[in-house]
Amino acid sequence: MEYLLHIAIIILINIILSVSFNILMGYAGIFALCHAIFYGIGAYASTLLMIHWGFSFIPALLCAMVITALFSLIIAVPGLRIHWDYMVIFAFSFQMILYHVMLNWIDLTRGPQGIPGIPAPIIFGFTVESKISILLLYLVISSAVVYLAKKIESSPFGLVLKGIKNDELAVKSIGKNVTRHKIIAFAFAAALASVSGTLISVYVSYISPAYFDLNMSVFILICLVFGGIGKIQGVILGTIGLTALPELLRFIPSLPSTMLGGIRDLIYAVVLLFFMLYRPQGIVPETK
Amino acid sequence: MGTILEGKGIYKGFGGLQALSNVNVKIEEKKITGLIGPNGAGKTTLFNILSGFIKPEKGKILFKDKEITREKPHDVVLLGLARSWQGLRLFENLTVLENIVMSLPTYKSENVAKIIFVPWSKNKAKLTKAMEILDLITIKDRAFTLIRDLSFAEQKLVAVARLLATDSEVLLLDEPVSGLDEKTVEKVVTPLLRELVMKNGKTICLVEHSIKLVFNMCDTVYCLNQGEIVAAGEPRQLSQDEKLKRAFFQIV
Amino acid sequence: MDLILNLVVDGICEGARYAILGMGFALIFNTQRMFDISFGGVYIWCGFALWILVTQAGINLTLAGIIVLAIGYLLSYAIQKIYLTKVRSRSGPPVGIFLGSMALLMAMEAITSIFWGGTIRVGRIGEAALFKWGVVQLSDIKILKVIFAISIFLLIQYVFMRSPMGVNARAIATNQLLAKIVGLQNEKIIIFTTCLGCTVVAIDAVLVCADTGVYPAIGFQSVMIAFMSVILGGIGSFTGAAIGGLIIGVVRTVAVLEFPTLWQELILFLILFLIIAFRPIGIWGIKDWKSEV
């Protein structure tokens with residue numbers, strides 16, 4: 001039972017990540033393969049605020065969002081000028097740089113050893129520690145994030161983002177500032193991803209750079225591809241599927257545990273391969 | 001009645017090709033100006049420069065007597081000058097209604113929170129306005145169809161509607177009717193453009209291949225050939241210039 | 001002084017290796033104009049193939065090397081035909097090729113890791129032969145790296161590029177649409193240059209496997225190095241890719257003097273980031289790479 005709760009919690013955390021990435025990639029078509037970094041900055045920011053400056057959960061969560069949004073400027077601003085095809089490697093180099101910074105800036109992040117002892121969230125006096133209470137809290141938070149994302153999608157702002165994905169020049173010709181929209185989209189995506197960072201920190205009570213590496217960014221991407229880039233329901237389903245799937249592997253008795261990592265990666269790779277070729281629109285059937 | 005938009009001494013080259021040389025155009029307020037010329041004459045390049053998408057090597061663009069040469073394209077639209085595209089450039093994955101609604105200017109009642117978090121479908125004022133425009137263009141019944149699923153003719157109409165939606169004073173239309181059937185052009189587009197000028201006080205400049213249409217509709221016509229203005233004036237005058245007609249109709 | 005000299009020479013050998021990777025990727029990228037990173041997967045399998053042939057099947061190193069190159073060519077041919085051609089023909093955004101090839105790379109890495117785990121496999125039996133020139137000490141493989149790099153450069157630049165196939169490839173690299181209009185069979189030529197590029201990359205796989213060994217993650221690393229070489233040297237320029245690789249190799253090796261190893265990786269990515277941000281066409285890159293409006 002504990003195990004199922006654990007999976008559910010991880011699923012909720014991942015849903016926030018993929019829904020926020022969807023704002024960038026699904027709506028605006030910005031292929032920023034560095035989402036795990038925003039996840040990581042959120043995690044480290046809130047952790048350090050809580051441990052070194054004694055912030056409590058909610059203020060740490062909110063401040064981490066602001067910090068991460070500001071960080072997103074580093075990639076958003078130069079990213080405006082570069083050609084769309086380069087965005088992939090640009091974001092990817094951003095990912096690798098910050099990953100190495102997390103790994104090597106020992107004074108700040110304790111490097112590969114990670115930061116243990118992150119306190120459980122205390123909200124209105126309640127210490128949220130048991131898996132059930134964490135699950136409920138995270139359910140509330142992730143629902144809020146999904147709700148926000150849906151509102152963004154159907155707003156005039158969201159329409160312009162979708163326009164940007166289609167044809168940037170046309171967007172300019174109807175009087176919309178593409179630059180401003182991209183920067184704001186980045187800020188939102190980053191801030192929401194940072195929420196996941198805070199959530200994983202207090203849940204596991206420990207963070208290390210390994211959680212936020214390129215594999216994680218790729219995983220988030222595959223969740224989108226699997227579920228259908230752009231459609232929130234699809235993205236959520238895709239995330240649930242891809243998070244839960246490898247866990248099922250544990251139940252195959254004959255499988256040696258050393259192979260698990262490789263098999264999981266293989267599954268993800270095959271999912272991506274299959275969908276790129278046969279069903280780029282994802283699992284959820286076309287509606288509308 | 002003065003000049004609302006002016007291009008002075010425009011030069012623009014691409015690589016080895018001089019697309020525009022010493023181009024001077026004056027677009028009169030509340031009138032329809034035409035721009036004709038063979039393919040490759042530089043008409044679209046001129047539009048691009050007037051609307052801020054390309055910067056000229058030499059020359060100035062003046063809008064309401066203010067220089068806008070260096071302005072960004074979206075700022076130019078906000079100032080009151082918008083253009084449509086030869087290649088339409090509609091948002092293919094969105095519906096007709098969405099294409100129109102997103103082109104409407106930001107209303108005063110919309111603050112930042114509303115723009116980002118409130119569904120556009122809840123903005124009754126914008127919805128009504130969008131539907132009005134679609135009605136004018138006679139494609140109201142296709143409002144909820146994706147652009148991808150429209151016929152070419154319908155898409156051309158949406159392109160015009162989207163330009164109208166920007167509510168700009170000066171409209172530059174790049175081949176708005178080429179490819180449309182005569183009936184639609186005569187019954188829908190031509191009267192609409194005339195009405196926009198007469199009733200709504202808009203200024204229109206259009207590029208078209210049909211000389212007949214241009215001479216029919218426009219108060220002033222500019223003829224562009226190989227990057228230079230070879231003739232300018234009222235259609236009546238131009239059509240009486242034998243030398244010009246011979247030279248021109250051979251090319252066009 | 002001895003140390004510096006050795007480091008520089010070492011750096012040149014590393015640079016030669018990076019240059020090979022850069023040239024291989026340049027061949028692939030210049031005609032495709034898309035980021036097809038499947039060569040990373042080919043790299044892993046070629047490296048492991050060499051290891052198996054040499055250590056498990058007892059085949060002579062040189063012969064095994066040649067066999068591996070053939071494997072590399074065939075493997076990339078299969079990849080292109082079976083998978084990537086289909087993805088390309090869907091005329092989706094170029095990101096599709098990147099994702100598809102990345103998926104292939106991941107799959108090939110995962111399969112390797114499932115069967116052989118993550119330990120380093122060296123494809124050589126016995127010790128490397130060492131040569132000494134004054135104070136500089138070099139292993140035979142290192143010398144081979146430089147020899148191969150130079151040979152590949154000369155062969156491709158002066159033989160291939162001038163051959164009928166090479167001219168066609170250059171035409172496609174300059175303007176795909178025009179090439180089609182003129183009647184070139186783009187797809188065939190693209191497949192050929194891609195396979196050629198993968199074979200070049202496989203050469204490095206052979207050299208590295210025989211020298212320091214291979215492991216599943218090396219495919220991804222080689223992609224990284226290839227990217228950096230091409231972007232530094234200039235997108236679209238074959239020579240640039242080679243020079244870019246050489247520079248990065250030397251800088252990285254010599255930087256050991258000043259910077260702790262941990263920060264080395266970071267500096268390379270920082271360079272990549274800054275180049276893309278401020279001068280995406282690199283040092284020798286071709287302008288008008290993509291046009292607007």
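The values are calculated or read from the model by the stated rules, or taken from the named source; none is laboratory data. Small disclaimer: the values here were computed from a predicted structure and weren't measured. A quick note on method: Cβ atoms are made from the backbone with ideal geometry, for glycine too, and the neighbour counts reach across all protein chains shown.
Is it fair to say B:GLU110 is in a loop (DSSP other than H, G, I, E, B), in contact with a strand residue (DSSP E or B) (Cβ under 8 Å, 6 or more places away or on another chain) and within 9 Å of chain A (Cβ to nearest Cβ)?
On the way: in a loop (DSSP other than H, G, I, E, B): yes; in contact with a strand residue (DSSP E or B) (Cβ under 8 Å, 6 or more places away or on another chain): no; within 9 Å of chain A (Cβ to nearest Cβ): yes.
When the stated conditions are applied, B:GLU110 does not pass them.
Checking C:ILE235 against (1) within 14 Å of chain A (Cβ to nearest Cβ); (2) within 14 Å of the chain's Cα centre (by Cα): exactly one of these is not met. Which one?
Here C:ILE235 clears every test but (2).
Pick from C:LEU144, C:LEU177: which is free of Cβ contacts under 8 Å to residues at least 24 places away in the same chain, part of a helix (DSSP H, G or I) and of a type in the set (A, V, I, L, M, F, W, C)? Walk me through how you get there before you give the answer.
Values: C:LEU144 fails: free of Cβ contacts under 8 Å to residues at least 24 places away in the same chain.
Within the list C:LEU144, C:LEU177, the selection yields C:LEU177.
B:PHE91: crowded, with 16+ Cβ neighbours inside 10 Å, within 20 Å of the chain's Cα centre (by Cα) and either free of Cβ contacts under 8 Å to residues at least 12 places away in the same chain or within 9 Å of chain A (Cβ to nearest Cβ) (or both), yes or no? Can you show your working first?
Numbers: crowded, with 16+ Cβ neighbours inside 10 Å: yes; within 20 Å of the chain's Cα centre (by Cα): yes; either free of Cβ contacts under 8 Å to residues at least 12 places away in the same chain or within 9 Å of chain A (Cβ to nearest Cβ) (or both): yes.
When the stated conditions are applied, B:PHE91 passes them.
Kindly indicate which of C:ILE28, C:ILE12, C:ILE37 is under 22 Å from C:SER237 (Cα atoms) and over 16 Å from the mean Cα position of the chain (by Cα). Give the derivation first.
Details: C:ILE28 fails: over 16 Å from the mean Cα position of the chain (by Cα); C:ILE37 fails: over 16 Å from the mean Cα position of the chain (by Cα).
Among C:ILE28, C:ILE12, C:ILE37, only C:ILE12 is under 22 Å from C:SER237 (Cα atoms) and over 16 Å from the mean Cα position of the chain (by Cα).
On the given criteria, is C:ILE225 surrounded by 19 or more Cβ atoms within 10 Å (Cβ to Cβ), among the β-branched types (Val, Ile, Thr) and under 13 Å from the mean Cα position of the chain (by Cα)?
Judged against the criteria, C:ILE225 is a match.
Residues checked against (1) in contact (Cβ under 8 Å) with a residue 24 or more places away in the chain; (2) surrounded by 15 or more Cβ atoms within 10 Å (Cβ to Cβ); (3) within 14 Å of chain B (Cβ to nearest Cβ):
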{"site": "A:PRO116", "(1), (2), (3)": "yes, no, no"}
{"site": "A:GLY125", "(1), (2), (3)": "no, no, no"}
{"site": "A:LYS131", "(1), (2), (3)": "yes, yes, no"}
{"site": "A:SER143", "(1), (2), (3)": "no, no, no"}
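Pairs please, first residue from the stretch A:252-267 and more than 9 Å from chain C (Cβ to nearest Cβ), second anywhere and surrounded by 11 or more Cβ atoms within 10 Å (Cβ to Cβ) and part of a helix (DSSP H, G or I), Cβ atoms under 7 Å, 6+ apart in sequence or on different chains.
Final answer for the pair search is A:LEU255/A:LEU249; A:LEU260/A:LEU249.
Within the stretch B:24-54, restricting attention to residues that are assigned to a loop (DSSP other than H, G, I, E, B) and within 13 Å of another protein chain (Cβ to nearest Cβ), which residue is nearest to B:MET217 (Cα to Cα)?
First pass over the stretch B:24-54, keeping only residues assigned to a loop (DSSP other than H, G, I, E, B): B:29-31, B:37-42, B:51-54.
Checking the rest, the ones that are also within 13 Å of another protein chain (Cβ to nearest Cβ) come to B:51-54.
Numbers: B:SER51: 22, B:GLY52: 26, B:PHE53: 27, B:ILE54: 28 Å.
Out of the qualifying residues, it is B:SER51.
Checking A:ALA91 against (1) touching a His at 6+ places or on another chain (Cβ under 9 Å); (2) small (Gly, Ala, Ser); (3) away from every other protein chain (no Cβ under 13 Å): exactly one of these is not met. Which one?
Of everything listed in (1) touching a His at 6+ places or on another chain (Cβ under 9 Å); (2) small (Gly, Ala, Ser); (3) away from every other protein chain (no Cβ under 13 Å), A:ALA91 misses just condition (3).
From the list A:ASN215, A:ASN177, which one is within 14 Å of the chain's Cα centre (by Cα) and at the interface with another protein chain (Cβ under 10 Å from one of its Cβ atoms)? Full working, then the answer.
Values: A:ASN177 fails: within 14 Å of the chain's Cα centre (by Cα).
Selected residue: A:ASN215, the only one of A:ASN215, A:ASN177 that is within 14 Å of the chain's Cα centre (by Cα) and at the interface with another protein chain (Cβ under 10 Å from one of its Cβ atoms).
Could you figure out which of (1) within 7 Å of chain B (Cβ to nearest Cβ); (2) surrounded by fewer than 24 Cβ atoms within 10 Å (Cβ to Cβ); (3) of a type outside the set (Phe, Trp, Tyr) isn't true of A:GLY163?
(2)
Just one of C:ILE20, C:ILE66, C:ILE37 is modelled with pLDDT of 85 or more and closer than 30 Å to A:PHE226 by Cβ; which is it?
Numbers: C:ILE20 fails: closer than 30 Å to A:PHE226 by Cβ; C:ILE66 fails: closer than 30 Å to A:PHE226 by Cβ.
Sole residue among the options that is modelled with pLDDT of 85 or more and closer than 30 Å to A:PHE226 by Cβ: C:ILE37.
Tell me, which residue of the stretch B:113-135 that is away from every other protein chain (no Cβ under 14 Å) and surrounded by fewer than 17 Cβ atoms within 10 Å (Cβ to Cβ) is farthest from B:VAL185 (Cα to Cα)?
First, pick out the residues of the stretch B:113-135 that are away from every other protein chain (no Cβ under 14 Å): B:128, B:131-132, B:134-135.
Applying the additional criterion that residues be surrounded by fewer than 17 Cβ atoms within 10 Å (Cβ to Cβ) yields B:128, B:131-132, B:135.
Details: B:THR128: 25, B:MET131: 21, B:GLU132: 19, B:ASP135: 16 Å.
Among those residues, the one meeting the criterion is B:THR128.
Considering only residues of the stretch C:253-284 that are more than 14 Å from every other protein chain (Cβ to nearest Cβ) and part of a helix (DSSP H, G or I), which is modelled with the highest pLDDT?
At the first step, the residues of the stretch C:253-284 found to be more than 14 Å from every other protein chain (Cβ to nearest Cβ) are C:253-258, C:283-284.
Pick out the ones that are also part of a helix (DSSP H, G or I) and you get C:253-257.
Details: C:THR253: 82, C:VAL254: 79, C:ALA255: 76, C:VAL256: 72, C:LEU257: 71.
Going through the qualifying residues, I end up with C:THR253.
What residue, of A:LEU108, A:LEU137, A:LEU148, is away from chain B (no Cβ under 14 Å), surrounded by fewer than 22 Cβ atoms within 10 Å (Cβ to Cβ), within 21 Å of the chain's Cα centre (by Cα) and of a type outside the set (Asp, Glu)?
Values: A:LEU108 fails: within 21 Å of the chain's Cα centre (by Cα); A:LEU148 fails: away from chain B (no Cβ under 14 Å).
Selected residue: A:LEU137, the only one of A:LEU108, A:LEU137, A:LEU148 that is away from chain B (no Cβ under 14 Å), surrounded by fewer than 22 Cβ atoms within 10 Å (Cβ to Cβ), within 21 Å of the chain's Cα centre (by Cα) and of a type outside the set (Asp, Glu).
Can you name the helices (runs of 4 or more DSSP H) wholly within the stretch C:1-86 that have at least 1 residues being surrounded by fewer than 20 Cβ atoms within 10 Å (Cβ to Cβ)? Before you say what the answer is, go through the steps one by one.
Numbers: elements: C:2-32, C:39-51, C:61-79.
In the stretch C:1-86, C:2-32, C:61-79 are the helices (runs of 4 or more DSSP H) which contain 1 or more residues that are surrounded by fewer than 20 Cβ atoms within 10 Å (Cβ to Cβ).
When residues of the stretch B:19-51 are filtered for being touching an Asp or Glu at 6+ places or on another chain (Cβ under 9 Å) and among the polar types (S, T, N, Q), how many remain?
5
Cβ-Cβ under 9 Å, sequence separation 6+ or interchain: first residue in the stretch B:28-40 and touching a residue at least 24 places away in the same chain (Cβ under 8 Å), partner surrounded by fewer than 16 Cβ atoms within 10 Å (Cβ to Cβ) and of a type in the set (Lys, Arg). Which pairs?
Close Cβ pairs (under 9 Å, with a partner that is surrounded by fewer than 16 Cβ atoms within 10 Å (Cβ to Cβ) and of a type in the set (Lys, Arg)) amount to B:ILE32/B:ARG194.
Looking only at helices (runs of 4 or more DSSP H) that fall completely inside the stretch A:1-91, which ones have 3 or more residues that are without any contact (Cβ under 8 Å) to a residue 40 or more places away in the chain and either out of contact with any strand residue (DSSP E or B) (no Cβ under 6 Å at 6 or more places or on another chain) or at positive phi (or both)?
Values: elements: A:2-22, A:35-52, A:57-81.
Per the criteria, A:57-81.
Kindly evaluate A:SER196 against the criterion of being polar (S, T, N, Q) and at the interface with chain B (Cβ under 7 Å from one of its Cβ atoms).
On the way: polar (S, T, N, Q): yes; at the interface with chain B (Cβ under 7 Å from one of its Cβ atoms): no.
Against the criterion (polar (S, T, N, Q) and at the interface with chain B (Cβ under 7 Å from one of its Cβ atoms)), A:SER196 does not qualify.
For the stretch C:42-65, give me each residue that is of a type outside the set (Phe, Trp, Tyr) and touching a Ser or Thr at 6+ places or on another chain (Cβ under 8 Å).
Passing the criteria: C:VAL42, C:ILE44.
Within the stretch B:27-36, which residues are surrounded by 22 or more Cβ atoms within 10 Å (Cβ to Cβ) and out of contact with any Cys (no Cβ under 6 Å at 6 or more places or on another chain)?
Within the stretch B:27-36, just B:LEU35 meets the criteria.
As an exercise: evaluate C:THR199 against (1) in contact with a Phe, Trp or Tyr (Cβ under 8 Å, 6 or more places away or on another chain); (2) within 14 Å of chain A (Cβ to nearest Cβ); (3) among the hydroxyl-bearing types (Ser, Thr, Tyr) and give the number of the one condition it does not meet.
For C:THR199, the exception is condition (2).
If I ask for residues that are closer than 18 Å to C:ILE111 by Cβ and under 22 Å from the mean Cα position of the chain (by Cα), which ones from the stretch A:246-275 would you list?
A:PRO246, A:GLY261, A:ARG264, A:ASP265, A:LEU266, A:ILE267, A:TYR268, A:ALA269, A:VAL270, A:VAL271, A:LEU272, A:LEU273
For the stretch B:94-107, which residues satisfy the criterion of being closer than 21 Å to A:ALA28 by Cβ, within 19 Å of the chain's Cα centre (by Cα) and at the interface with another protein chain (Cβ under 9 Å from one of its Cβ atoms)?
Quick first cut of the stretch B:94-107, residues closer than 21 Å to A:ALA28 by Cβ only: B:94-95, B:97-104, B:106.
Then drop every residue that is not within 19 Å of the chain's Cα centre (by Cα), which leaves B:99-104.
Within the stretch B:94-107, B:ASN99, B:VAL101, B:MET102, B:SER103, B:LEU104 qualify.
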